[in-house]
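The values are calculated or read from the model by the stated rules, or taken from the named source; none is laboratory data. Since the model is a prediction, treat every value here as computed from it, not as a measurement. As a convention, Cβ positions derive from the backbone with ideal geometry for all residues, glycine included, and neighbour counts pool all protein chains shown. Remember, those area values only see protein heavy atoms, side chains included, never the ligands or the DNA or RNA. Shrake-Rupley method; radii C 1.70, N 1.55, O 1.52, S 1.80 Å.
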Amino acid sequence: MSLIHLEGLSKVYRVGDQEIRALDEVNLRIEEGEFIAIIGSSGSGKSTLMHLLGCLDTPTAGRMEICGKDLAKASNDELARVRNREIGFVFQAFNLLPKLDVVSNIALPLIYAGVPSHERLARARKAAADVGLGERLSNRPPQLSGGQCQRVAIARALVNNPRILFGDEPTGNLDSATGRMILETFDALHASGKTIVLVTHDPAIAARSRRVIEIRDGRITREYAP
Amino acid sequence: MNPLVAISIGLREIAAHKFRTCLSMLGIILGVSSLIATMALTRGIEEGTRVFMQQLGGLELVSIANKEPSSRKYEFANLSPGRTLRDAEAIRRSASFISHVSPEINLNTAVATEGGGNPERRVVQGVYPDHFVIGMQEAAAGRFLTPLDIERGSRCAVVGDTVAKNLWPGIPPELIVGKTILIDNRPFEVVGVLALYEMEEQARARRAGKKSTRGFDGFRKKNERVLVPFTTMFHELRSGAFPLDSLETMKLDTLNVRVGDLDYFHPALDQVRAVLDITHRGVDDFDLETRQDWFDRMESSVRATRLSGGLISAISLVVGGIGIMNIMLASISERVREIGIRLAVGARQRDIFWQILIESILVSLLGGLLGILASLGLIEILKTIAPDQNVPVLTPDAILLAVGFAIAAGLLSGLYPSAKASGIDPITALRYE
């Protein structure tokens, strides 16, 4: 069974009288252990797809199975649970909490998973070490460089040991050298068996994946292996 | 989410905005402190009045007073002998709910020490031993008057504190007992000295070594007493002035009774009324004065004070709640992105709801605690300026009540911001700059 299975997935926004079909009957299967890049220009619907896959939003129509559960009509609590346990998110803008230190930022998902506090710290430290953030654990995000921030974000995404890791333009705010290092981290995670879905507009980044899905006007127009 | 985590997040948030939080707590602080102060003040009034009444005889004391007979019976008014010892005797025998009866006659006369030193005019009272029970007297030294004193008509006297101090300044009560006092130039032996009665405020002033100059002294009369046996009073002092009186027919100046059991207060009054109806030959020239009216008046004034104080506190608490709501709303719009991030990593809407709600309860609780501190100061101030003997009394239930109201204010004012925060859409929140 596929890890992610989309069938006729649509998302329609209504702006005044106008209907905007951000996603139009998308069918897609993603198997466990794949490294996929979703590529498309701005406004193509790739971010909408990402948000649906990331359980941050619900589709207007269609089926969306993630980890064997149909989430198209799921309640908010169920979606929160999937976001917490099955999915790790890495954003372009890092989205760390500036008031918390690195360890607390990494441990954030564990709070909502109900993990007791001493275990939270231990697991956060281990996740930090896994992405090469051995030091600076008591610093706060504003004191870190962009690359370090993104590593913290990756550690946070991994701390609850999810099956899928989403990256939404994870190198968009980084210089090319740091971006390359982040992508190498993704490579390493893929090698260790994680399913990785990257959203990008940059074909060079997409080329690092094993399977590229191109989206235009809310439809999948092309699928190829780089 | 563990509530402890929510509390620690809330505390961190409060610590990050100390000044802002303090401002938003102001209403709660004022509300809580005024609530506690009002409760303490009214409790003090109640307490003061209760103690005062207790020392004057309490609720059990009923005075039988003279009254103009009603016009219907006016023609027969002469038939009534008035209040006499017969009344006392009849009540003692027939009114079973009455435990003590104290008939008294007074004489305003000169009092001096042996040899005529320090003469003063005092009201000398001829009393029965029941007087000491009904008046709840306490002896500082010596003894009260006894039935034997009455029977023998012995020349002995019990004096109040003020009298003793004026006649024998600087001599302790123990040494006054046994001294001779001249009442209307007749020597009496002092057998007892009454304890000093004073209001709480005066007691404090005395302990502090200050002279209390202010206010009404409800115990002045009680301290200025000279008490002699009723029979002695009649035979030695009164009969000469009123030769036509006999012990039985002489009109009493005071007739007090004590109700044995307050549960049978009204039956007791009925009994007394029935007895007096007979002894006064149906003439309604007497009235039963109870402390109940007094007590009711006091209760209603306390209630009014409590209500107005409570109203002020309630307004402050409402204003305080609105202040907290305001701050929480501001805090949420500042933290939209944070809420989005929390949602993205798996917070449920109810986690966000609780986090904001607990935060606002924490703010109000903190305000409540500061309010308690403020009320302690407020009560200290009230203690020094409180007009009477009514020292504010702080009770734990006042504090609990105030804290309860503070928490309720925080809870109610936190509901709307919490609902608003938990309804935030994660995608919008993550894009929010």
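Worth pointing out:
- Members of region A:44-63 found to be of a type in the set (A, V, I, L, M) and within 18 Å of A:Leu165 (Cβ to Cβ), listed by number: A:Leu49, A:Met50, A:Leu52, A:Leu53, A:Leu56
- Test: residue in region B:52-59 that is modelled with pLDDT of 80 or more, under 27 Å from B:Leu247 (Cα atoms) and either among the basic types (Lys, Arg) or not in a helix (DSSP H, G or I) (or both): no
- Considering (1) away from chain A (no Cβ under 14 Å); (2) charged (D, E, K, R); (3) crowded, with 19+ Cβ neighbours inside 10 Å, the lone condition that B:Glu338 does not fulfil carries the number (1).
- Qualifying residues in region A:123-135 (those that are of a type outside the set (A, V, I, L, M) and surrounded by fewer than 16 Cβ atoms within 10 Å (Cβ to Cβ)) - the one farthest from the chain's Cα centre (by Cα): A:Glu135
- All of A:Val90, A:Val26 fail the test of being under 18 Å from A:Ile154 (Cβ atoms) and either open to solvent by less than 70 Å² (accessible area, probe 1.4 Å) or without any contact (Cβ under 8 Å) to a residue 24 or more places away in the chain (or both), apart from A:Val90.
- Pick from region A:52-81, criterion closer than 28 Å to A:Gly146 by Cα and either open to solvent by less than 20 Å² (accessible area, probe 1.4 Å) or away from every other protein chain (no Cβ under 11 Å) (or both), ranking: nearest to the chain's Cα centre (by Cα): A:Gly54
- Residue within region B:405-420 that is crowded, with 16+ Cβ neighbours inside 10 Å and in contact with a strand residue (DSSP E or B) (Cβ under 6 Å, 6 or more places away or on another chain) present: no
- Some residue of region B:381-388 being part of a helix (DSSP H, G or I) and touching a helix residue (DSSP H, G or I) at 6+ places or on another chain (Cβ under 8 Å): yes
- Flag if B:Arg92 is in contact with a strand residue (DSSP E or B) (Cβ under 9 Å, 6 or more places away or on another chain) and part of a helix (DSSP H, G or I): yes
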